[in-house]
Amino acid sequence: MTNPVQNIVVILADDHALKVTGAYGNSMIRTPNIDRLTAEGITFDRAYCNAPICSASRASLLTGKYPHATGVNLLFTPFPDEGNTTIAEHLQTLGYSTGLMGKTHFNNWAWSHLYENGLPKHGFDTLVERSAYHKFLEQKVRRPIPPATPVYTPGGDRQHVAKWMNADYLPQAVWDEDSEGTFYAQQAIAFLRDHQSDPFFLWLAFKEPHHPYYFPLEFANKYDPASLALPTGSPEDDRWVPQKFKGLTTAEKAGIIASYYSSTEYLDKNIGLVLDALDELKLVENTLVVYISDNGYLLYEHKRFEKHTMWEESIKQPLIIRHPKMGKGGERRDALVEYIDIVPSLLELIGAEPLTAVQGESIVPVLAGQSTAHRSFVFSQYLEDNLAMVCTDKWKYMFTTGSRDLGIGYQTGLGPSGIVHRLYDLEADPQEYRNVAKEVENQSILLDLQEKMLARFIETHPDAASCPQGLSLVGKLVWFCEPRDVGVDQSLEDKPVRVFNSSID
């Protein structure tokens, strides 16, 4: 590759399921702007997040390090500034203007009263979060909403799933011009205008389509819930279904999915605003654009919603890279890729100095068509549930200590499972319906994947040298699958807590 581009725009969705994208084969969803990126860039079909939860995944994306290496495994763990260098911090030293618009999930607010000089910004000169949006609303004369217009109203707790997850398929009480996602898109455009003559790094983190699947009034009633087919799952799923999802009616499940689709279409509209601005400002030829989601999402696959699992729908996400100096648009790549590979790849693509602390590997040879393979297997972890996964082209292995019932409000009601090994043949069983870990003919495969998982922990975990040598292979996996960090509740108390308060939105 020659003539590297100068700027980077990363567009990050929240909980975007790969299958709810036109570019990935969905003919019902309307995502023309994401599809445009696919037509103009290179699309990856097997990109895996390193944790199916927002905060841990985002920390890995920004640093190129595994969650256990960043120190962020749990939902409300503050992102340690010391010991972590983000791509934004690295680019600052190279003279880049850096901006983050939208959701951060740094969680530093939790101990805000303990910081001497304000909260860490992790390398972003410009940081526009929800507080800025609220100020925008306070200063704006808003167009009134007609009386008796049905809208989504927050209320209830996470156990009242139909209400919490917008099963009634209702828009927010806001017009598009005043909506939060549109605000972040406009702030991103202002950043582009202000820095069009500088090298810049823009991280645009939308909150859609995260529950309750936010969409403004103009996006109401765009999808017929009855037309959206419900997955069926398998009997093996029953052991892992959270209680809160067991009482949903068919109509409620369909309403949740319809809300998700509308939120995704709204997200795509705002992506289009930014892509159009890049065109208008004549920045396309020197700007690298990446579209990605922090993790995937279950839309009743395996009889549940949300992520927090190692099913394909949770950990395999859209990844699209538009590089104006590289090849033809519309190409696809089938290589196994991890999220920690993004940082070293972006730096190489713009010709910047590498960030030495990363644990990922650049995918530029795959992007450039010089190689069809990247990794022999991918790794992910969800230590809230003491869960880890490795996946090859053909096989997926999931391991859990099962020391607790599913966490952060997703308890099954069946109690802790104890140690469980799950093995899936992704070629014969792509829906992951049949665990074949106990079959005699698969024991050598199981052992190989266990050894791969342990090796990945040993190579990358900061506490690896402290792992007791007398433990068996499985014993060592148990030791590594216990999170070392602590979560915090939102009461701003000094004492950190391990258990998530499920009544918190």
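The values are calculated or read from the model by the stated rules, or taken from the named source; none is laboratory data. Since the model is a prediction, treat every value here as computed from it, not as a measurement. Positions of Cβ are backbone-derived with ideal geometry, glycine not excepted, and every protein chain shown enters the neighbour counts.
Odds and ends about this structure:
- Breaking point among (1) over 16 Å from ILE87 (Cβ atoms); (2) touching a strand residue (DSSP E or B) at 6+ places or on another chain (Cβ under 7 Å); (3) outside any strand (DSSP E or B), for GLN381: (3)
- In the range 388-401, the residues that are more than 13 Å from ALA437 (Cα to Cα) and without any contact (Cβ under 8 Å) to a residue 40 or more places away in the chain form Cβ pairs under 7 Å with partners that are among the aliphatic types (A, V, I, L, M) and outside any strand (DSSP E or B), at six or more places apart or across chains, as follows: LYS394/LEU426.
- All positions within the range 157-198 that are without any contact (Cβ under 8 Å) to a residue 24 or more places away in the chain and under 21 Å from ASP14 (Cβ atoms): LYS163
- Within the range 46-66, residues that are free of Cβ contacts under 8 Å to residues at least 60 places away in the same chain have Cβ atoms under 7 Å from residues that are among the hydroxyl-bearing types (Ser, Thr, Tyr) in these pairs: SER55/THR77; ALA59/THR70, counting only partners at least 6 apart in sequence or on another chain.
- Within the range 246-260, being buried (at least 21 other Cβ atoms within 10 Å of the Cβ) and either under 30 Å from VAL436 (Cβ atoms) or hydrophobic (A, V, I, L, M, F, W, C) (or both) holds for LYS253, ALA254, ILE256, ILE257, ALA258.
- Which listed residue, of GLU432, GLU361, GLU353, is at positive phi, part of a loop (DSSP other than H, G, I, E, B) and acidic (Asp, Glu): GLU432
- Single condition LEU230 does not satisfy, out of (1) of a type in the set (A, V, I, L, M); (2) surrounded by fewer than 21 Cβ atoms within 10 Å (Cβ to Cβ); (3) at pLDDT 95 or above: (3)
- Identity of the residue in the range 451-479, in contact with a strand residue (DSSP E or B) (Cβ under 7 Å, 6 or more places away or on another chain) and closer than 17 Å to ILE419 by Cβ, that ends up surrounded by the fewest Cβ atoms within 10 Å (Cβ to Cβ): LEU477
- Output for the range 356-375, where each listed residue is under 21 Å from the mean Cα position of the chain (by Cα) and among the hydroxyl-bearing types (Ser, Thr, Tyr): SER362
- Pairs, first farther than 17 Å from TRP203 by Cα in the range 325-346, second outside any loop (DSSP other than H, G, I, E, B) and among the basic types (Lys, Arg), C-beta under 8 Å, six or more apart: GLY329/ARG322; ASP334/ARG46; ALA335/ARG46; LEU336/ARG46; VAL337/ARG46
- Verdict on ARG142 being in contact with a helix residue (DSSP H, G or I) (Cβ under 6 Å, 6 or more places away or on another chain), in the same structural domain as PRO225 (by TED's automatic domain parsing) and charged (D, E, K, R): yes
- Members of the range 384-408 that are acidic (Asp, Glu) and under 18 Å from GLY418 (Cα atoms): GLU384, ASP385, ASP405
- Enumerated helices (runs of 4 or more DSSP H) restricted to the range 1-90, each holding at least 3 residues that are surrounded by fewer than 24 Cβ atoms within 10 Å (Cβ to Cβ) and assigned by TED's automatic domain parsing to the domain that holds TYR291: 32-40
- One residue from THR401, THR372, THR356, THR392 being touching a Cys at 6+ places or on another chain (Cβ under 7 Å) and either modelled with pLDDT under 95 or more than 16 Å from ALA51 (Cβ to Cβ) (or both): THR401
- In the range 305-354, residue surrounded by the fewest Cβ atoms within 10 Å (Cβ to Cβ) [restricted to those that are under 20 Å from THR38 (Cβ atoms) and among the hydroxyl-bearing types (Ser, Thr, Tyr)]: SER345
- Matching residues in the range 310-346 - criterion: being under 26 Å from CYS54 (Cβ atoms) and out of contact with any helix residue (DSSP H, G or I) (no Cβ under 7 Å at 6 or more places or on another chain): MET310, GLU312, SER314, ILE315, LYS316, GLN317, LEU319, LEU336, VAL337, GLU338, ASP341, PRO344
Residues checked against (1) part of a loop (DSSP other than H, G, I, E, B); (2) over 30 Å from GLY402 (Cβ atoms); (3) at pLDDT below 95:
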position	(1), (2), (3)
ASP238	no, no, no
ALA254	no, yes, no
VAL274	no, yes, no
PRO324	yes, yes, yes
